[in-house]
Each structure stands twice: as C-alpha cells, then as structure tokens.
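A.B. asks: Attaching a single structure in structure tokens format; questions to follow.
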Amino acid sequence: MPAMNASSPSAAPAARHWLGLLGWLLLCFAVAALGAWASRAAPQFYAQLDQPGWAPPASVFGPVWTLLYLMMAVAAWQVWRLRGWCVPLVLFLVQLAANGLWSWLFFGWRLGGPAFADIVLLWVLLAATLAGFWRIRRSAGLLLLPYLAWVTFAAALNWAVWQRNPGLL
C-alpha cells in the first residue's frame, strides 16, 4: 500500500477538515479578543459595581470564557464537517456576533439595559443554535450546553448588576 502524501486525494479532505477546525478556532477567538479589548478596564469597573453575593470574582471570567470559546469552535466545526454551511451555522455566527457585542455594551459603553437585551437575544439565538446542532450531531449540541448554562447565569447577573447600579450602568 503506497504511503499517502499531502497531495494525494485521500489527504486533501483530511487537511481541509483540520484547516476548518483552525478556521473555527480563529473565528471564535477573534470574537473573544474583540470582547477582551472592550473589557480592558472590566476588572476595575466590575469591582466598583454593587454586586449580588453570588457574583463570581472577576478572575473567573477569563478562564471560563476561554474554555467556552474552545468548545464553541469544536461544536461549529463538527457541524460544518457534516453539513457544510447550513442554517444552524448561520445562527451560530449571529449568536457569536451578539456574544461579542455584549462586552462592548456592558463594559465598553456601560449600557446595562441594552446589554441585558443583547444577552436575552444571545440566549434565544444560542438555544436555537444548540437545537440545530443537536439534530445534526449530538456531541456538537452537548458542547454548547455549558455555554447556554453560563449565558443563563450571565443574564441573571447582568440583570442584577444593572438593577443595583443605575448610576453606573
């Protein structure tokens, strides 16, 4: 049996799949970077806010979001490999945009109400994305469950902090 090289027909689809994963990772972490840029002063601002007792410390958000963006990229990649461009992937892109916008609304522009509206929209888009991914590949849907749980928590926190800080948000 001859050895496969990068130019063989069998190697081309494999390379395409791995490049696809790289593309989804780059896209998700580009959105993360834009959100981080909007959140440059977030630790100081977050510390100024009157927060509920169940609010996590600022140091929790970076590691949690890093893991979630990784899981999101893998989920999107799994769906893309099976179906290519499809409605659930379009929803994924729209929810990703809503995700990135939230950091600008809340931390960049300090707009608590619009940030809350955005996170509610994000939750709806994410739930629809998760349902679509689940139908295509169950593991892709499972990868989005922690993200949905975190966005649910973040929405409650957004609401509580916005209500407690009318002068700052």
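Computed from the coordinates by the stated procedures, all read-outs in this text should not be read as laboratory data. All values derive from a computational prediction rather than experimental measurement. Cβ placement follows ideal geometry from the backbone for every residue including glycine, while neighbour counts extend to all protein chains displayed.
A.B. asks: Filter segment 104-146 down to the residues that are aromatic (Phe, Trp, Tyr) and touching a Gly at 6+ places or on another chain (Cβ under 6 Å) and list them by number.
C.D. replies: Within segment 104-146, the first condition is being aromatic (Phe, Trp, Tyr), and the residues that meet it are 104, 106-107, 109, 116, 123, 133-134.
The answer is Phe133, Trp134.
A.B. asks: Specify which of the listed residues (Val74, Val31) is among the β-branched types (Val, Ile, Thr) and within 30 Å of Pro166 (Cα to Cα).
C.D. replies: Details: Val74 fails: within 30 Å of Pro166 (Cα to Cα).
From the options Val74, Val31, the qualifying one is Val31.
A.B. asks: Which of the residues that make up segment 26-80 are of a type in the set (Ser, Thr, Tyr) and closer than 25 Å to Leu91 by Cα? Walk me through how you get there before you give the answer.
C.D. replies: The initial filter retains those residues of segment 26-80 that are of a type in the set (Ser, Thr, Tyr), namely 39, 46, 59, 66, 69.
Correct list: Ser39, Thr66, Tyr69.
A.B. asks: Hey, another quick one. Would you mind listing the helices (runs of 4 or more DSSP H) fully within segment 33-114 where at least 3 residues are under 12 Å from the mean Cα position of the chain (by Cα) and more than 19 Å from Leu143 (Cβ to Cβ)? Break it down stepwise before answering.
C.D. replies: Numbers: elements: 42-48, 61-83, 87-103.
Result: 87-103.
A.B. asks: On to the next question. Could you tell me which of the residues Leu169, Leu130 is in contact (Cβ under 8 Å) with a residue 60 or more places away in the chain and either crowded, with 20+ Cβ neighbours inside 10 Å or of a type in the set (Gly, Ala, Ser) (or both)?
C.D. replies: Testing whether each residue is in contact (Cβ under 8 Å) with a residue 60 or more places away in the chain and either crowded, with 20+ Cβ neighbours inside 10 Å or of a type in the set (Gly, Ala, Ser) (or both) leaves just Leu169.
A.B. asks: Next up: Given the options Trp85, Trp109, name the one that is free of Cβ contacts under 8 Å to residues at least 24 places away in the same chain and over 25 Å from Arg135 (Cβ atoms).
C.D. replies: On the way: Trp85 fails: over 25 Å from Arg135 (Cβ atoms).
Of Trp85, Trp109, the one residue that is free of Cβ contacts under 8 Å to residues at least 24 places away in the same chain and over 25 Å from Arg135 (Cβ atoms) is Trp109.
A.B. asks: For segment 58-73, how many residues are buried (at least 20 other Cβ atoms within 10 Å of the Cβ) and either touching a strand residue (DSSP E or B) at 6+ places or on another chain (Cβ under 9 Å) or among the small types (Gly, Ala, Ser) (or both)?
C.D. replies: 1
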